[in-house]
């Protein structure tokens, strides 16, 4: 029984078939056009899966988009024209890597802005810490004779 469970577990991890989203009936006969179609399909987001390209997705909508890309390439459109058509139809969300524009500026510049703000915060905190440390060390050095004598007395009484 244990052996059967072990074999089943191993088969689960080892024998998982690698799913090919692009089906044989979608493949173009012209290898150059097929390569362009595959490259474009890897740049386009599946609207159902959302974190997968249409090249990897098995959703029916992804299949329709793959077919649409291939039809437009066969009609003689350039890669840019195909992308522009899909963006006009579905919006910027269809692109896995959105273009840089005024409405995607926060998406592209946000991480860099957060990094700069964090670095400035660390610099300000480091300067404050250093100023407090310098102030504390100068205050310790400027003890009066009476304070120094009292401190010595306290330290001696603490040793006993």
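Worth a mention:
- On the stretch given as the range 22-56, residues that are touching a strand residue (DSSP E or B) at 6+ places or on another chain (Cβ under 9 Å) and crowded, with 16+ Cβ neighbours inside 10 Å total 9.
- With respect to the stated conditions, residue 88 is over 24 Å from residue 27 (Cα atoms) and in the same structural domain as residue 26 (by TED's automatic domain parsing).
The values are calculated or read from the model by the stated rules, or taken from the named source; none is laboratory data. Source: prediction; values computed, not measured. Neighbour counts run over all protein chains shown; Cβ positions are idealised from the backbone, glycine included.
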